[in-house]
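Notes follow the structure.
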2 protein chains.
Amino acid sequence: MKEFQIIEKYFAELGPKRKDVAVGIGDDCALVNPAEGNSVAISCDTLVEGTHFLPSMEAEDLGYKSLAVNLSDLAAMGAEPAWMTLALTLPEIDETWLEGYCKGLYEISEYYGIALVGGDTTHGSKSLTLTVNGLVPPQMAMTRSGAKVGDWIYVTGTIGDSALGLDILLDKQQIENESYKDYLVKRHYRPTPRVLAGQAIRGIASSAIDLSDGLGSDINHINKASGTGARIDVDTLPLSEALVESVGKEQAIEYAISGGEDYELLFTVSDANESSLITSLKQTGVQFTKIGQITSGSELTFKQGKLKYHPVKQGFKHF
Amino acid sequence: MKEFQIIEKYFAELGPKRKDVAVGIGDDCALVNPAEGNSVAISCDTLVEGTHFLPSMEAEDLGYKSLAVNLSDLAAMGAEPAWMTLALTLPEIDETWLEGYCKGLYEISEYYGIALVGGDTTHGSKSLTLTVNGLVPPQMAMTRSGAKVGDWIYVTGTIGDSALGLDILLDKQQIENESYKDYLVKRHYRPTPRVLAGQAIRGIASSAIDLSDGLGSDINHINKASGTGARIDVDTLPLSEALVESVGKEQAIEYAISGGEDYELLFTVSDANESSLITSLKQTGVQFTKIGQITSGSELTFKQGKLKYHPVKQGFKHF
């Protein structure tokens, strides 16, 4: 089966139809019409087998996750998902795998209303690159660089789950409770991109980033871009019951600080905007927690009560 | 060296600055502002080492070519290059290679005014995916589906050179004349995307495609999309002196029909629009040649004088 036959069969009809797509898959380019006045947010992420996902990962989960991580970048800018292209490199044509991959991709693309408008399928080691486009009203996009001294630091959902989920998959952690285990692995394989939350806080939050490298690492991206420091109160970190019950509070905090791939939003808000932010976010139904404050200087400090807390590590490597 | 350090060092300052880029490399997404009313053309292409390029290919040539093939897709739609993202997968951090790659990419991105706005660098077998965005005024984009019976078929430049260049690199052909050899290999490594020609014929040509798979294969893409057939007059095919002198007229025609990666534009124009097309294209200085006519039915026929010509093969595989 040749490349364009694969594209036609599996991808031509995938995803929602959007009125702003004038030409979809099958021509030299796709042609889209951005809503007038809007900015276009663009992000791309590559997932390589063995580096970013385990060879054992189900195709359907990979289809879901490959888009979820890209949508998470759009969420961090406050952008509304619009179009995407998929570059898929495969060692061989495995129709079962392709069907599963498309099913997972279809599920999440339908949910968030993002249309597949183009792509490329090639022969090689398994990897995939998704490039996503989102729309943002004028001057509403959030960046990493807007945090100001005194701003409060918030995070959506719970953090640390995904990293423990990965450790379970790698047999580095043994968890007895099956429902905790399922939840944690699912948080790793099927992260929830905070697309609505991102749109709810745009124009209100002063800066935002999505948590892919881990809290301890990603907060530094905000600090570096904003010229600020930060204080994180570790006792306020939102930890799931599954995480705490499985590994204990102490290790749960470590997972929350250094564990990557949560794909929750980390954002800052001025004191003046805090109440509008809370009102706006509550309408989305997404959990959110205040975890610290932006400080002067460039230092990142963790506090537990009045004491300094020293995390074992702050960064995250896939595996 | 970590991912974001690589990005910062090699890519952050690469390419021209554009006023329509509000946020470039370094945030969760890039943010661009398309000129009001314009459509955005999107295309992506993956190049995998061993499948699309030889391991011996110079990094600088690869940097150039990886963008050239994507710009060629924009050219076929009549789009003006605007922004791009680069997903680069490398087995190891080789700074010499990265410098070379960036130099080639920089050269062509500067020339065509396309800004690198985002990307991802990952660890794995060497491959790269470029996703390009171009701008097209309303209703001006060309597609493959607009050819009508009686339309004339045109091609830019000369064709077949790149495929012979590849055969030289693969030692399948021995060419004595060094300057021919250099020219042919350069046509393979450094194809010229017909960006200006594409913009010159938009609104005039009835359909267009870029020649990546070979004339005999790509004309069928137009036919399939337009519901037409075509007659190609093989004696009119534009062949370079280097191609004809190196392998003789007969084999040169075969290269022109089945050889891929010319990245010339193949397009159709109605009888009524032919003179405006010629006027408009002449201003670009790009060579162009009438090579046949769109016919009814769905058949592709090659003619040599009054006789039918039967090419040995019509398609093209990389290697």
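If each Cα of segment B:137-217 is one equal point scatterer, what is log10 of I(q)/I(0) from the Debye formula at q = 0.13, 0.14 Å⁻¹?
Results for segment B:137-217 at q = 0.13, 0.14 Å⁻¹ read -0.54, -0.60.
Residue-wise, which Karplus ³J(HN,Hα) couplings in Hz belong to segment A:195-209, taking 6.51 cos²θ - 1.76 cosθ + 1.60, θ = phi - 60°, and x for glycine or proline?
4, 5, 4, x, 6, 5, 9, 5, x, 10, 5, 8, 7, 7, 8
Given the C-alpha atoms of chain A, compute the convex hull and give its volume per residue in Å³.
Hull volume over Cα atoms, normalised by residue count, gives 131 Å³.
Cα atoms only, segment B:3-136: Rg and Dmax in Å?
That works out to 14.2, 44 Å for Rg and Dmax.
When only alpha-carbon atoms count, how far does the protein assembly as shown stretch along each of its three principal axes, as whole angstroms with the largest first?
That works out to 92, 46, 41 Å along the principal axes.
Could you list the residues of segment A:285-310 with an amide nitrogen less than 18 Å from a label point located 7 Å from the Cα of A:Val149 in the Cα-to-C-beta direction?
Of the residues in segment A:285-310, A:293-301 have backbone N under 18 Å from the label point off A:Val149.
What are the aspartates and glutamates whose alpha-carbon lies under 17 Å from the alpha-carbon of A:Lys308, with same-chain residues fewer than 8 places away excluded?
By straight Cα distance, A:Lys308 reaches A:Asp233, A:Asp235, A:Glu250, A:Glu254, A:Glu299.
I'd like to know how segment A:152-309 sits against the 2.2 N^0.38 Å rule of thumb: what's its Cα Rg over that expected value?
Cα-based Rg divided by the globular estimate yields 1.02.
Which residue, A:Ile159, A:Ile278, A:Ile204, tops the fluctuation ranking in a GNM of chain A built on C-alpha contacts under 10 Å?
Per the Cα network of chain A with a 10 Å cutoff, A:Ile278 tops the list.
Anyone know which of B:Leu14, B:Leu307, B:Leu116 comes out most mobile in the 10 Å Cα GNM of chain B?
B:Leu307
In terms of Cα to Cα distance under 23 Å, which lysines are near enough to B:Lys172, apart from those fewer than 8 places away along the same chain?
The reachable lysines, counting only those whose Cα sits under 23 Å from B:Lys172, are B:Lys65, B:Lys181, B:Lys186, B:Lys249, B:Lys313, B:Lys317.
For A:Lys313, project a label point 7 Å along Cα to C-beta. Then give me every residue of segment A:235-267 with its amide nitrogen under 14 Å of that point.
Counting backbone N atoms under 14 Å from the label point, the list is A:254-261.
Report Rg (one decimal) and Dmax (nearest whole number) for segment B:138-181, counting Cα atoms only, units Å.
Gyration radius and largest Cα-Cα distance of segment B:138-181: 17.7, 50 Å.
Name the residue from A:Leu90, A:Ala205, A:Val136 whose Cα lies farthest towards the positive end of the charge dipole of chain A, charges +1 on Cβ of Lys and Arg and -1 on Cβ of Asp and Glu.
The residue sitting most towards the positive pole is A:Ala205.
Helix hunt in chain A: which complete DSSP H runs extend at least 20 Å axially by C-alpha with mean Kyte-Doolittle at least 0.0?
Span-like helices, by this rule, are A:59-77.
From the label point of B:Pro137, set 7 Å along Cα to the beta carbon, how far off in nm is each other copy's matching point, shortest first?
Reported distances to equivalent positions: 3.1 nm.
Amide H to amide H, which residues 5 or more places from B:Gly78 or on other chains are under 5 Å from it, using H placed in the peptide plane?
Here B:Met142 satisfy the definition.
A short reminder: the numbers here are calculations on the coordinates, not readings from a lab. Quick caveat: nothing in here was measured; it's all calculated off a predicted structure. Note: ideal-geometry Cβ built from the backbone for every residue, glycine included; neighbour counts use all protein chains shown.
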